[in-house]
Amino acid sequence: MENITNNLTETMDMNNKSETGATKKKSRFKKVILTVSGVILTIVVALIIFVAVIAVNNTNAMNDCVDTALSEIKKHYTVTPIDAGEYEEMTIYGIMKFDVEQYNIEELGNLSIMRVNLGIMQMATVVITPKEKNAPLLSIDYMYILNNRKCYVEFYDVVAAKDDLYNSLMDKLSEVENKYAYLENLETSEAWYAHLQTVTFYKSGSSKYDGDFKKMLSDSLYTYLENTAQFPSLTEEEKAEKLNITVDYTDGLIEKGGISTDVFKNSLGDDETKKFFDKTFFGTAAN
């Protein structure tokens with residue numbers, strides 16, 4: 001009897017020890033889970049703060065470049081705001097909110113400015129579409145992706161003929177391009193409209209070059225505006241001819257596509273994208 005009792009006691013002790021061991025293991029497991037969760041949460045919070053700080057800095061840099069561009073334009077021409085109406089705020093894919101501004105540049109043409117802030121990326125676009133002078137269309141895209149930058153400055157030959165003033169302007173713009181040859185060139189694939197591009201700046205780099213990118217923007221705009229201000233105004237017939245050439249290009253973007261154009265087409269559709277282009281972005285339609 002005593003042996004049976006002893007055996008039962010030993011069995012109970014073993015069970016108690018086993019339960020105590022299991023409890024300790026569960027406790028350690030919970031501690032590990034809590035520790036890992038804490039580390040993950042700390043990393044996530046740190047990343048959110050990091051991205052938020054970068055986003056603020058990038059937004060400031062983007063707005064600074066836009067302000068610089070608008071200020072430079074106003075030094076050479078009278079600039080009047082135009083109500084962009086339904087296109088003042090545009091949402092693409094439900095998450096990409098574009099803020100759009102439109103202006104009339106007296107004696108030159110249409111100006112549009114578009115900005116988007118996606119947190120991890122900011123982008124500003126400035127487009128000057130000349131309608132009253134024999135000048136190239138100017139498109140500027142500055143992208144801020146965390147600590148990286150992509151800067152495009154493109155001049156499009158949407159003109160019937162290139163006279164001496166036009167060729168002189170392009171030569172001076174080429175000199176500006178050479179001035180910033182030290183900045184890293186960005187590889188781009190050739191598009192269907194490549195034949196319209198005489199001078200282009202495709203640059204990339206880190207945020208430490210923000211000052212250089214801003215100066216490149218300012219220098220290219222100054223050269224463009226200072227020279228076009230000396231161009232004679234077109235006759236009504238010449239304006240109509242230039243407008244047709246410009247529309248061939250902008251309609252071509254709808255029909256043949258383009259990297260930025262395709263984003264709008266896929267979200268808004270061809271017809272609505274064309275309306276936006278004609279009314280506001282390029283301003284080829286009568287306002």
Relative contact order, percent, the chain [alpha-carbon distance under 8 Å, six or more residues apart]:
16
Amide H to amide H, which residues 5 or more places from Leu137 or on other chains are under 5 Å from it, using H placed in the peptide plane?
Tyr156, Val158
Two-site FRET efficiency, Asp262 against Lys208, from Cβ-Cβ distance with R₀ of 22 Å, rounded to 0.05:
0.10
Heavy-atom accessible area per residue of the chain, all protein chains kept, 1.4 Å probe, expressed in Å², is 55
Pick from Ile140, Ile92, Ile40: which is most flexible by mean-square fluctuation in a GNM of the chain where alpha carbon atoms under 10 Å apart are linked?
Ile40
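Glu237: net charge of surrounding residues, Cβ under 15 Å, Lys/Arg +1, Asp/Glu -1, itself excluded?
0
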So what is the 222 nm mean residue ellipticity for the chain from helices alone, if each DSSP H run of at least 4 adds -39500 (n - 2.57) and you divide by all residues, rounding to the nearest 500 deg cm²/dmol?
-18000 deg cm²/dmol
What is the percent carbon and sulfur in the accessible area of the chain, measuring with a 1.4 Å probe over the protein chains and ignoring ligands?
55
If you bin every alpha carbon distance in segment 142-287 into 5 Å steps from zero, what whole percent lands in each bin?
2, 8, 15, 17, 19, 18, 14, 6, 1, 0
Mind listing the Cα extents of segment 204-287 along all three principal axes, in Å, largest one first?
41, 39, 22
Taking each full run of DSSP H in the chain as one helix, which ones are at least 15 Å long along their axis (Cα atoms) and have mean Kyte-Doolittle hydropathy of at least -0.5?
2-76
Which ³J(HN,Hα) values, rounded to whole Hz and listed in residue order, are derived for segment 116-128 from phi using the Karplus coefficients 6.51, -1.76 and 1.60 in 6.51 cos²θ - 1.76 cosθ + 1.60 with θ = phi - 60°, glycine and proline given as x?
9, 10, 10, x, 7, 8, 10, 8, 10, 10, 10, 10, 10
Using modelled backbone amide H atoms (1.01 Å from N, in-plane), which distant-in-sequence or interchain residues come within less than 5 Å of Gly205's amide H?
Arg149
Would you look at the GNM of the chain, springs on alpha carbons closer than 10 Å, and say which of Ala55, Ala69, Ala194 moves the most?
Ala194
So what's Rg/Rh here for the chain, counting alpha carbon atoms and using the Kirkwood radius for Rh?
1.35
Which aspartates and glutamates have a Cα less than 13 Å from the Cα of Lys203, not counting those fewer than 8 places away in the same chain?
Asp141, Glu154, Glu177, Glu184, Glu187, Asp212
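The values are calculated or read from the model by the stated rules, or taken from the named source; none is laboratory data. Predicted model only: the values in this text are computed from it and were never measured. Positions of Cβ are generated from backbone atoms using ideal geometry, with glycine treated the same way; all protein chains shown enter the neighbour counts. The accessibility values were calculated without ligands, DNA or RNA, using every heavy atom of the protein model including side chains. Shrake-Rupley method; radii C 1.70, N 1.55, O 1.52, S 1.80 Å.
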